[in-house]
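Before any comments, here is the structure.
The values are calculated or read from the model by the stated rules, or taken from the named source; none is laboratory data. Remember, it's a predicted structure, so these values are computed and weren't measured experimentally. Cβ: placed from backbone, ideal geometry, glycine included. Neighbour counts: every protein chain shown. We work out accessible area using only protein heavy atoms, side chains counted, and drop any ligands, DNA or RNA first. Shrake-Rupley method; radii C 1.70, N 1.55, O 1.52, S 1.80 Å.
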Amino acid sequence: FASCYNLPNVYIPHSVEAICVGAFQDCTALKDVTLDADFMNLSIDGEVFKDCYNLASITSLPLAPPDLDNQHGGLDSATFAHVTLQVPHSRVDTYRNADVWGQFSNIMPLPYDFQNNGIYYCIRGDNEASVASNGNANCYNGDVTVPNAVYLYGNKMTVTGVSSKAFANNSGIKKVVLPNSITEIGNDAFW
């Protein structure tokens, strides 16, 4: 995609294992990049985002920060200073303490850690999760059935809560079915 001057955003799906040298170099209209959550070992080579002067945000969804090579995937000191890095809610400190990712001046938490079958969750403990919002109004519509457990990287997590404002501002919801595993519902969960 090098020199695609009209490319405004990029979504890297979970099936991608590596982004090679110069893949998005000189994409001067590129503003937003999203790295999907399903891969734990994404490798990003050098100069991938070189000369992407309008890059404003990178959303990295993996719970473990992806590996970057010595050239930081084409990220330089100006990028680390001006680009906002958005990461899973419970992993801000993990990214801040990671070798390259910690160089970003502005690391912001997403309102969720992961999604499963269209429902967003925050990690509550070793084997627990709570329903969350993705931060956008109307991310849930119609009938929503929350399971009593979800799997994250093969680990079973019991759904024990509904986070504050999890379903807020979702005018398209008709019905929400909660499992009997729920022990806590946060403030304004259905506002």
Where Arg96, Arg91, Arg124 fall by accessible area, highest first, once all protein chains stay in place (1.4 Å): Arg96, Arg124, Arg91
Amide H within-cut-off set for Thr84, under 5 Å, with H built and near neighbours excluded: Ser57, Ile58
Order of exposure, largest accessible area first, which applies to Trp191, Trp101 with probe 1.4 Å: Trp191, Trp101
Cβ-Cβ FRET estimate between Ala149 and Trp191, R0 fixed at 30 Å, reported to 0.05: 0.70
Of all accessible heavy-atom area on region 1-154, the percent that carbon and sulfur account for (1.4 Å): 44
The chain - percent relative contact order, Cα under 8 Å, separation 6 or more: 13
Label zone at Asp126, where the point sits 7 Å out along the Cα-to-Cβ direction: region 152-191 residues whose backbone N lies under 15 Å: 155-158
Reach of Lys165 by Cα under 28 Å, taken over lysines that are not fewer than 8 positions away in the same chain: Lys156, Lys174, Lys175
Candidates Val16, Val162, Val83, ranked by Gaussian network fluctuation over the chain, Cα under 10 Å, top entry: Val16
Probe 1.4 Å, accessible area per residue of the chain, Å²: 52
Theoretical gain in end-to-end length, Ala81 to Ile182 [0.36 nm per residue, Cα-Cα removed]: 32.2 nm
Listed residues Pro88, Pro13, Pro62, most fluctuating in the chain (Gaussian network, C-alpha, under 10 Å): Pro13
Structure-derived semi-axes √(5λ) of the Cα gyration tensor in Å - corresponding label in (1) 52, 17, 12; (2) 33, 17, 14; (3) 38, 18, 14: (2)
Area of Phe1 that stays accessible when all protein chains are in place (1.4 Å probe, Å², to 10): 150
Per-residue SASA entry for Val177, accessible area with 1.4 Å probe, Å² rounded to 10: 60
Helix-derived mean residue ellipticity, 222 nm - over the chain, DSSP H n ≥ 4, -39500 (n - 2.57), to 500: -1000 deg cm²/dmol
